[in-house]
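Inspection log for the structure reproduced underneath, given as structure tokens.
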Amino acid sequence: MVAGFAFHWYSGDHFEALRLIKERYPSKRLLFSEGCIEYSRYGKDNQLLNAQKYGHEVIGNLNAGMDTFIDWNVVLTSNGGPNHCDNFCEAPIIVNLENKAVSFNLSYRYIWHFSHFLKPGAIHVATTGFDSSVEAVAFMNPEGSYVIVVLNKGVEMQEINLRILGTLQRFVLEGTSIATVLIDR
């Protein structure tokens with residue numbers, strides 16, 4: 001009768017809890033249903049930090065077993081509303097109602113790395129890391145391509161060693177950046 005579990009974030013990382021739920025109920029879906037960057041907690045003027053929070057959450061949740069991500073505030077007004085509680089938020093897309101301008105925040109581009117390359121039915125592939133500033137998640141799409149999304153939250157560029165299918169690929173990931181590696185087979 002229960003197909004899965006919905007969850008959302010407002011109080012920090014809970015990736016281990018998600019992983020435990022997925023281990024206990026492997027056939028159930030884990031659906032991220034809600035989350036936002038509240039201006040009162042994270043600030044309005046640091047798009048990079050806010051986008052990195054999106055990237056960190058999506059990578060951590062996918063690695064823990066999440067299979068669906070819904071951003072409930074995809075589009076908001078330039079003041080971060082409408083909102084009935086006065087806790088205004090950032091959104092990937094901002095609409096200025098006065099001049100009818102639409103702008104795309106950096107978080108929009110971060111989400112694109114996941115929504116554009118990961119296909120329905122993709123299978124999670126394990127990743128490992130050595131530096132807490134670099135996070136990664138990998139999947140094999142149904143047609144056999146591999147997708148690896150790598151986030152570098154640190155300011156220093158990092159050399160990434162990608163070992164897959166018996167080969168080693170090296171590339172440099174610029175500081176404070178996100179990148180997607182697509183390997184077609």
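The values are calculated or read from the model by the stated rules, or taken from the named source; none is laboratory data. Small disclaimer: the values here were computed from a predicted structure and weren't measured. Please note: Cβ atoms are built from the backbone with ideal geometry, for glycine as well, and neighbour counts cover all protein chains shown.
Details
- Qualifying positions in the stretch 11-27 - among the small types (G, A, S) and part of a helix (DSSP H, G or I): A17
- Of all residues in the stretch 1-54, those being out of contact with any strand residue (DSSP E or B) (no Cβ under 8 Å at 6 or more places or on another chain), among the basic types (K, R) and within 24 Å of N105 (Cα to Cα) number 1.
- In the stretch 82-105 there is no residue that is in contact (Cβ under 8 Å) with a residue 60 or more places away in the chain, within 22 Å of Q52 (Cβ to Cβ), of a type in the set (S, T, N, Q) and not in a strand (DSSP E or B).
- Residue match in the stretch 39-46 (condition: outside the structural domain of S132 (by TED's automatic domain parsing), without any contact (Cβ under 8 Å) to a residue 40 or more places away in the chain and under 21 Å from H113 (Cβ atoms)): yes
- Of all residue pairs spaced 6 or more apart or on separate chains, those with beta-carbon atoms under 8 Å, a first member in the stretch 166-185 that is on the phi > 0 side of the Ramachandran plot and a second member that is among the basic types (K, R) are T176/K153.
- Answer residue from the stretch 37-46, given it is under 19 Å from I178 (Cβ atoms) and in contact with an Asp or Glu (Cβ under 8 Å, 6 or more places away or on another chain) and is surrounded by the fewest Cβ atoms within 10 Å (Cβ to Cβ) among those: Y42
- Among (1) assigned by TED's automatic domain parsing to the domain that holds D13; (2) buried (at least 18 other Cβ atoms within 10 Å of the Cβ) - the single one W72 does not satisfy: (2)
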